[in-house]
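Novice: Would you mind keeping the following structure in view while I ask a few things?
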Amino acid sequence: MTKLSSRHLRIVTWNVNSVRARLELIDRFIAEKQPDVLCLQEIKVQTDMFPRKWFEERGFSHHAVHGQRNHHGVATLSRLPLADIDSQNWCDKDDARHIASRLANGIMLHNFYVPAGGDEPDREINPRFAHKLDFLDEMISWSGKVKEPSILVGDLNVAPLETDVWSHKQLLKVVSHTPPETERMEQLMASHDWVDAMRHFVPREEPLYSWWSYRAKNWRTSNRGRRLDHVLVSPTLKDSLAAMSVFDEARDWERPSDHAPVIVDLDPTRT
């Protein structure tokens, strides 16, 4: 993968699986990788209970938070000013799965946490899967109306390519890689001609994962991963993509999230 450079705008997306439970790990990550913008999902805390002061003490003075007690929730923390903070109520669920903000350079940043979808890939018997498909359908409709340069990040809970899962054949009927999900992901990409920032640096033919189940005793040895976390950029921002890395070392830390941070550097001078 491309070597990262501190000269660029560094954006990170990370499903932390409870922000308060992972503060020590987030602290370690910030110290090692020095992100400018940190997009977190599944924060599992109400908006007014989010540890804003803790982030301010580490240089993240600008916050866009949409939280929910014990469930879901997204937060964008930035060293640079954020404006036009907004959130949509997807599928009329009011379940804190999206926060939007405008970066100092004028680019809109959308932070998403798409529903996981439960275990059974059948919308007729699994309301969670139905919710996921409906959510993706709404994203496709919304995305088609995006007119300004934007970045979409988050845990989208879909591994779209065959090389985004450890076994395409074995996972075709497993939620996150079923045809109804991957087809919608393809439609989402086409709706705004989004550029897949991760695959911009890693060829589609090569395996690429960002999530490894807690069930594996040695996740690195088994390497049964999936790429559930994504960074998408508008076509006009493609040339600004400077580097990308999945920081899988964090998956080895004590009491980790099952997701690894995804780091993308952008060079504003290229736009």
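Novice: Return the ratio Rg/(2.2 N^0.38 Å) for segment 230-271, where Rg is computed over Cα atoms only. Could you put the intermediate results ahead of the total?
Specialist: On the way: Rg = 13.4 Å, N = 42, 2.2 N^0.38 = 9.1 Å.
In units of the globular-protein estimate, segment 230-271 measures up at 1.48.
Novice: May I pose another question? Among I107, I99, I43, whose mean-square fluctuation peaks in a Gaussian network model of the chain (Cα, cutoff 10 Å)?
Specialist: I107
Novice: Per residue of segment 220-226, in order, report the coupling 6.51 cos²θ - 1.76 cosθ + 1.60 (Karplus, θ = phi - 60°) as ³J(HN,Hα) in whole Hz, putting x for Gly and Pro.
Specialist: 6, 5, 6, 6, 8, x, 9
Novice: Using a 1.4 angstrom probe, figure out how much accessible area the chain has per residue, in square angstrom, rounded to the nearest whole.
Specialist: Details: 12380 Å² over 271 residues.
Heavy-atom accessible area per residue stands at 46 Å².
Novice: Let me check something: with ligands and nucleic acids excluded, how do M189, M139 order by accessible area (1.4 Å probe), largest to smallest? Walk me through the intermediate numbers first.
Specialist: Working: M189 40, M139 0 Å².
Ranked list, largest accessible area first: M189, M139.
Novice: Hey, could you get me the Stokes-Einstein D for segment 120-271, Kirkwood radius over alpha-carbon pairs, 37 °C and 0.692 mPa s, rounded to whole µm² s⁻¹? If you can, show how the numbers build up before the last one.
Specialist: Numbers: Rh = 16.4 Å.
Rounded, D is 201 µm²/s.
Novice: Something else about it: Using a 1.4 Å probe and ignoring any ligands, DNA or RNA, find the accessible area of W166 and quote it in Å² to the nearest 10.
Specialist: 80
Novice: I'd like to know which of G154, G117, F60 lies farthest towards the positive end of the charge dipole of the chain, counting +1 on Cβ of Lys and Arg and -1 on Cβ of Asp and Glu.
Specialist: The one lying farthest along the dipole's positive direction is F60.
Novice: If you roll a 1.4 Å probe over segment 1-128 with all protein chains in place, what percent of the accessible area is carbon or sulfur? Before the final figure, lay out each step's value.
Specialist: On the way: 2560 of 6110 Å².
The C+S portion of the solvent-accessible surface of segment 1-128 is 42 percent.
Novice: In addition: Order E42, E206 by their accessible area, 1.4 angstrom probe, all chains in place, largest first.
Specialist: Details: E42 35, E206 90 Å².
The most accessible residue leads, giving E206, E42.
Novice: Another question, if that's okay. Restrict the search to segment 198-271; then list the GluC sites (Glu not before Pro) that DSSP places in a loop and that have at most 12 other Cβ atoms within 10 Å of their Cβ. Don't skip to the end; give the middle numbers.
Specialist: Values: sites: E205, E249, E254; in loops: E205, E254.
Here the sparse-neighbourhood loop sites are E205, E254.
Novice: In segment 219-271, what percent of the accessible surface is made up of carbon and sulfur (1.4 Å probe, ligands and nucleic acids excluded)? Working shown, then result.
Specialist: Working: 850 of 2060 Å².
Whole-percent figure for carbon plus sulfur exposure: 41.
Novice: About its Cα centre, what dipole magnitude does the chain give when the only charges are +1 on Lys and Arg Cβ and -1 on Asp and Glu Cβ, stated in debye to the nearest 20?
Specialist: On the way: 36 positive and 40 negative charges, 127 e Å.
Charge dipole of the chain: 620 debye, to the nearest 20.
Novice: Something else now. Would you mind checking K173/K238; K93/K238; K44/K93; K44/K132 for any pair whose Cα atoms are more than 22 angstrom apart? Let's see the in-between values first.
Specialist: Values: K173/K238 33 Å; K93/K238 33 Å; K44/K93 16 Å; K44/K132 19 Å.
Violating the 22 Å limit, Cα to Cα: K173/K238; K93/K238.
Novice: Can you give the three extents of the C-alpha atoms in segment 31-123 along their principal axes, from longest to shortest, in whole Å?
Specialist: 44, 26, 26
Novice: So which residue, out of G67, G117, G144, gets the largest mean-square fluctuation from a GNM of the chain using Cα contacts under 10 Å as springs?
Specialist: G144
Novice: So if I place +1 on the C-beta of Lys and Arg and -1 on the C-beta of Asp and Glu, and nothing else carries charge, what would the dipole magnitude of segment 64-105 be about its Cα centre? I want it in debye, nearest 20.
Specialist: Working: 5 positive and 5 negative charges, 41 e Å.
Rounded to the nearest 20 debye, it is 200 debye.
Novice: Now for a separate question. Can you list, bin by bin at 10 Å, the percent of alpha carbon pairs in the chain, starting at 0?
Specialist: Percent of Cα pairs in each bin: 7, 32, 40, 20, 2, 0.
Novice: Cα-Cα pairs above 19 Å in segment 170-229: how many percent? Display every interim value, and only then the final one.
Specialist: On the way: 725 of 1770 pairs.
Counting every Cα pair in segment 170-229, those more than 19 Å apart make up 41 percent.
Novice: Another question, then. Of all trypsin sites (Lys or Arg not before Pro) in segment 197-271, which ones are in loop regions per DSSP and have a Cβ with at most 10 other Cβ atoms within 10 Å? If you can, show how the numbers build up before the last one.
Specialist: Values: sites: R199, R204, R215, K217, R220, R224, R226, R227, K238, R251, R270; in loops: R204, R215, K217, R224, R227.
Listed in order of number, the matching sites are R215, K217.
Novice: Here's a follow-up. Could you pull out the trypsin sites (Lys or Arg not before Pro) across segment 107-190 that fall in loop regions by DSSP (anything but H, G, I, E, B) with no more than 16 other Cβ atoms inside 10 Å? Write out the running numbers ahead of the final one.
Specialist: Details: sites: R123, R128, K132, K145, K147, K169, K173, R184; in loops: R123, K145, K147, K173.
Loop-located and lightly packed - R123, K145, K147, K173.
The values are calculated or read from the model by the stated rules, or taken from the named source; none is laboratory data. Note that the coordinates shown come from a computational prediction; the quantities given were computed from them, not determined experimentally. A quick note on method: Cβ atoms are made from the backbone with ideal geometry, for glycine too, and the neighbour counts reach across all protein chains shown. SASA here: full protein model, heavy atoms, side chains in, ligands and nucleic acids out. Shrake-Rupley method; radii C 1.70, N 1.55, O 1.52, S 1.80 Å.
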